[in-house]
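Working notes, structure below.
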Amino acid sequence: MLASLAAQRSGAGRGTTAKGVTLIYANILPVMAIVSLFPAIPKLFAAFGDMPNAGFLIPAIVTIPSLCAALFAPVAGILADRYGRRRSFIFGMGLYVAAGIVPLFTDSLALIFASRAILGLAEAFAITISTALIGDYFGEERHRWVSWVGVATSIAGTGLIAVGGALADISWRGPFAIYLAAIPAFVMAVLFIDEPAARTDHGDARPRLGFPWRAAALIGAVTLVTSVLYYVEPLNIARVLDMRGAGSATRIGLIQAATSLTYIAGAFLYRRLHARPTGQLLALALSFIGIGQLVIGVASSWQLASVGAAIQQVGGGMVIPILLAWGQAMLPYEQRGRGMSIWATAFFCGTFVCSPIVAAVAGAIGGLIPAMATMGVVTLIAAVAAAVLIPSAPEAKVSAAS
């Protein structure tokens, strides 16, 4: 009965505000999976630190969802293209809720670790399919919705760190209670998400298209490189601020929250400029990121480093909307699930390879701060390359707008 509610609406198969809000909600889930647990790490070590392999398992509790999301995103994309977006998306959202709240009911570190791996599998479905559905439902209007993805993830990330810290003061289990907030997202998916019009309008008469490997490879390569360059600042700015005398962890957290407000400005800047060629947009975003990292690397005080962080966040707010909209436009409906799974895999992989890359650069040139400056220069070079080499996206032949 619930499954038929969306189909009975006049907007069946096409973009509506309710569907857009649901998909934005789904895109907050990876942020929830990582940042909400940052404040809980000391509590987890206090509770489980004497257990075998705790030194590996406890930090991995935070990172394993992203690794599994990267590994299983292609599977999610294939199943969504083959068996339908709606049922695959609802499966992912339901699994996310179930896996997310497991730590509220167990004291087994191994079981918590396993639940976090399953959470990553659920993320693979939720994120891959939600990004594909934005393109399916909204067509030319996708730019407006992907910009809101950037705004929502920024606000959620800032808020979840604060909430996670408050809950961690109560118990190591506290931050895991945040996953109860995924229940409304699951309910919204059941009520509002249906099969896109491209599927229902064409049925089995759609021509079978070969997979666009060249476009998917280009999307994946650009996304991987951009993800690595983007994550340099978020993963390292707290350490830089500490080195420059910013003060307590609480104060550093407040500084990070303040500088992240410019992320929202970047998302709205993309919204105003989205009609420009993709290469130009990505070059602009990478320029902000590169300049910000360079300022961080040469700053002699935490105040100046904070200015660099704020500049970087403007570019960060542009990056995800640019890459999402570009990938959606490059891929036809029939292959959009698999194509966007490559996007998701590349973006999540960037999270993992960024830290060892920065560590290697820091080891080679004498520390983290000069490494930040070096990565800023590398990012500015990438900005020039983006302007010259990245083509605009031809609109896919089969889309929600067709």
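The values are calculated or read from the model by the stated rules, or taken from the named source; none is laboratory data. This one's a predicted model, so the numbers in the text were calculated from it and none came from an experiment. Note that we place each Cβ from the backbone using ideal geometry, even for glycine, and neighbour counts take in every protein chain shown. For the accessible areas, the whole protein counts, side chains as well, though only heavy atoms, and no ligand, DNA or RNA atoms are used. Shrake-Rupley method; radii C 1.70, N 1.55, O 1.52, S 1.80 Å.
Residues that are in contact with a helix residue (DSSP H, G or I) (Cβ under 6 Å, 6 or more places away or on another chain) and farther than 13 Å from LEU71 by Cβ within the stretch 109-118 comprise LEU109, ILE112, PHE113, SER115, ARG116, listed in sequence order. Scan (1) under 30 Å from ARG87 (Cα atoms); (2) surrounded by fewer than 24 Cβ atoms within 10 Å (Cβ to Cβ); (3) aliphatic (A, V, I, L, M) for the single condition ILE342 breaks and write down its number. Just one mismatch for ILE342, condition (2). Tallying residues that are over 25 Å from ASP194 (Cα atoms) and assigned to a helix (DSSP H, G or I) within the stretch 90-112 yields 7.
Within the stretch 247-281, being free of Cβ contacts under 8 Å to residues at least 40 places away in the same chain and open to solvent by less than 20 Å² (accessible area, probe 1.4 Å) holds for one residue alone: ILE252.
Here is a yes/no grid of residues against (1) open to solvent by 50 Å² or more (accessible area, probe 1.4 Å); (2) more than 26 Å from ARG251 (Cβ to Cβ); (3) touching a residue at least 60 places away in the same chain (Cβ under 8 Å); (4) basic (Lys, Arg):
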residue	(1), (2), (3), (4)
VAL151	no, no, yes, no
ILE155	yes, no, yes, no
GLY159	no, no, no, no
ALA168	no, no, yes, no
PHE176	no, yes, yes, no
ALA182	no, yes, yes, no
ALA185	no, yes, yes, no
ALA189	no, yes, yes, no
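The residue list ALA69, ALA18, ALA26, ALA40 contains one member that is among the hydrophobic types (A, V, I, L, M, F, W, C), in contact with a Gly (Cβ under 7 Å, 6 or more places away or on another chain) and at pLDDT 80 or above, which is ALA69.
Exactly one residue among VAL358, VAL353, VAL319 is within 25 Å of ILE64 (Cβ to Cβ) and crowded, with 24+ Cβ neighbours inside 10 Å, and that residue is VAL319. Kindly evaluate VAL163 against the criterion of being within 20 Å of the chain's Cα centre (by Cα) and modelled with pLDDT of 85 or more. Considered against the rule, which asks whether it is within 20 Å of the chain's Cα centre (by Cα) and modelled with pLDDT of 85 or more, VAL163 comes out as no. Using the structure shown, decide if GLY266 is in contact with a helix residue (DSSP H, G or I) (Cβ under 6 Å, 6 or more places away or on another chain), over 24 Å from VAL298 (Cα atoms) and either of a type in the set (Gly, Ala, Ser) or part of a loop (DSSP other than H, G, I, E, B) (or both). The answer is no for GLY266.
Across the stretch 191-214, a minimum of one residue is classified as at pLDDT 85 or above, surrounded by 14 or more Cβ atoms within 10 Å (Cβ to Cβ), over 21 Å from ILE369 (Cα atoms) and acidic (Asp, Glu).
The requirement of being in contact with a helix residue (DSSP H, G or I) (Cβ under 7 Å, 6 or more places away or on another chain), in a helix (DSSP H, G or I) and at pLDDT below 85 is fulfilled somewhere in the stretch 269-284, by at least one residue.
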